[in-house]
Structure formats: structure tokens, C-alpha cells
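Notes to accompany the following structure.
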2 protein chains.
Amino acid sequence: METVGQIIRAKRESLGLLLRQVASYLDIDQAILSKIERNERKATKGNIIKLAEILKLDKEDLLVQFISDRIAYEIADEDCASKVLKVAEQKVKYLKSNLVKN
Amino acid sequence: METVGQIIRAKRESLGLLLRQVASYLDIDQAILSKIERNERKATKGNIIKLAEILKLDKEDLLVQFISDRIAYEIADEDCASKVLKVAEQKVKYLKSNLVKN
DNA sequence: TTATATTTGACAAATGATGTCAAGTAAAAT
DNA sequence: ATTTTACTTGACATCATTTGTCAAATATAA
């Protein structure tokens, strides 16, 4: 079970890119990218999109990893976590079906 | 598909309680409670726990509704929403299995 | 050692969450 | 029809979190 940070670091190193190079492409300090890769800071959605570009990763996949990381972290300490996810899925479906109408 | 706000308002009214009474029990201004009930503001976790008490609602159930509301709202605009939830579920399981060990 | 890459922690700025307050509206009671 | 009561609204204040910068510390490699 990989985190976004691990995915990013692995791919960055396999491409032989430096923190400073990637960070400059994202327009952030390399300190932040270093922290993102070690899950000490969270990326923004914009960071993720740019990362997918420069690291040649599938944007959709990376976004899924990113958002699911956030959610998992958010509810991991709840003992009703899996019930929460089931109910959330129903609510999302409901919201989406209404988006079409409105 | 009910939101937490709708659940709270329905139960408060069925108990014949006023916004001001419930709000004072939560130690917040009634304006906030009014907004929470109409989903214009989000409750805190503490609010929810106190609401379950005073409205005689099951605490676990209400928390599930509360957190799933948050998550659904958070990802409703993503078109990969249901994939996100599936991956999140796996990650939660993984995190939980490690919590036992550490 | 020297150079290069990464990490760390202190701090600043921007954003978002949480709350107060007072004036506004709506409905019911007098 | 006025007054009272309950609720709603929006402007604003305060506080916490997020997001970032910077420089010094630490590793890694020439």
C-alpha cells in the first residue's frame, strides 16, 4: 500500500530528477517537496497535477492516490471508518444524480 | 438521503426544542446552529456529540452521518469519486492493521 | 575536504474555520 | 394591526491550519 509521497519519490529518482528541479517546476521551495515525499506535508491538488506532468505519471491515478490518502488519514482513527465510507458512497451517488438535474 | 442538518432539525422540532435552547447546551450562538441545520456551516465533532446527547440520537449513527457528509462533500465534484472511496477503504484497512502492531 | 543533495526547524503570510453580534424576516399570539 | 417570538442573514473578529520561505544542519558522493 503506497502513499503518494512514496510513488512520487520513486518515480522522481528513477527519472534522475533532483528535488530542486521538480520543485521549481511546481513553483515551490524544495523543502516542501522533500516533506511531501516523506508524507510530512500534504501536497495541494495543483501540486499533484504538475507532478503527474513532470514525472510522466497518469494524472487520474495520481489524483486517486492523493485524495484517497487524505480521506484514509482523515478517518483512520474512527472505529466506524468502513461504515462511514459506505454511507459516503451512497451520498456521493445521490449528489451526482442531482448535479445532472440542477 | 438525509444530511446531518436535516436529521438534527427534524429531531429538534419533534422534541419541541428551540434553537436557542439547543445552542446554549452546545455553548454556541443560535445563529451557528441555524446554519448547521441548513448545511450552511459545518458542525464540529464536539457539536455532534453534544447534539446526540440533547436530541437523544445514537451517537455512533450521528457521527457516521456527520463524517460521511464531510467526505461526500469533499469528493462529490471529482469524477473518480467512487474509485477514490474504494482505494481509501483499502488504505484504512492497511493503516488499522498497522496500528495494532505499533 | 569540497561539492552537491536532502532534511530540518523557525518563522511569515495566506487561507479557512469558528464564533459573535445586531439587524432583518416570518409567523403566531395578543 | 401590533407585539412577541423564533429564526435567518450578513458583516465582522478571532483563532487555527495550511502553505510557503529561508538558512542552517546533515548526509552523500567526488
Original post:
Picking from B:D79, B:D27, B:D69, B:D61, which residue would you name as being under 19 Å from A:A88 (Cβ atoms), among the charged types (D, E, K, R) and surrounded by fewer than 13 Cβ atoms within 10 Å (Cβ to Cβ)?
Top reply: B:D79
Original post:
So, of the residues in region A:55-77 that are in a helix (DSSP H, G or I) and touching a residue at least 40 places away in the same chain (Cβ under 8 Å), which turns out to be farthest from the other protein chains (Cβ to nearest Cβ)?
Top reply: A:L55
**OP:** Starting from residues that are outside any helix (DSSP H, G or I) and within 10 Å of DNA strand D (Cβ to nearest atom), keep the ones in region A:24-54 and report whichever is farthest from the other protein chains (Cβ to nearest Cβ).
**Re:** A:D29
Original post:
Among the residues of region A:78-102 satisfying the criterion of being at the interface with chain B (Cβ under 7 Å from one of its Cβ atoms) and among the hydroxyl-bearing types (S, T, Y), which is farthest from B:I67 (Cα to Cα)?
Top reply: A:Y94
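In this structure, does B:R20 turn out to be farther than 30 Å from A:D61 by Cα, over 15 Å from the mean Cα position of the chain (by Cα) and surrounded by fewer than 18 Cβ atoms within 10 Å (Cβ to Cβ)? Can you show your working first?
Details: farther than 30 Å from A:D61 by Cα: yes; over 15 Å from the mean Cα position of the chain (by Cα): yes; surrounded by fewer than 18 Cβ atoms within 10 Å (Cβ to Cβ): yes.
The answer is yes for B:R20.
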Original post:
When B:T44 is evaluated against the numbered criteria (1) modelled with pLDDT of 95 or more; (2) within 30 Å of A:T3 (Cβ to Cβ); (3) surrounded by 19 or more Cβ atoms within 10 Å (Cβ to Cβ), which criterion, by number, is the only one it fails?
Top reply: (3)
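Step by step: first the residues of region A:18-32, then only those that are touching a residue at least 24 places away in the same chain (Cβ under 8 Å) and either within 7 Å of DNA strand C (Cβ to nearest atom) or not aromatic (F, W, Y) (or both), then the one that is farthest from A:F66 (Cα to Cα). Which residue is that? Quick ask: steps written out before the conclusion?
Going through region A:18-32, the residues touching a residue at least 24 places away in the same chain (Cβ under 8 Å) turn out to be A:22, A:25-26.
With either within 7 Å of DNA strand C (Cβ to nearest atom) or not aromatic (F, W, Y) (or both) added as a condition, the list becomes A:22, A:26.
Details: A:V22: 18, A:L26: 16 Å.
That would be A:V22.
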**OP:** State the number of residues belonging to region A:1-17 that are within 12 Å of DNA strand D (Cβ to nearest atom) and either in contact (Cβ under 8 Å) with a residue 12 or more places away in the chain or outside any helix (DSSP H, G or I) (or both).
**Re:** 1
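The values are calculated or read from the model by the stated rules, or taken from the named source; none is laboratory data. The model shown is predicted, which means the values in this text are computed figures rather than measured ones. Ideal geometry is used to build each Cβ from the backbone, glycine not excepted, and the neighbour counts take in all protein chains shown.
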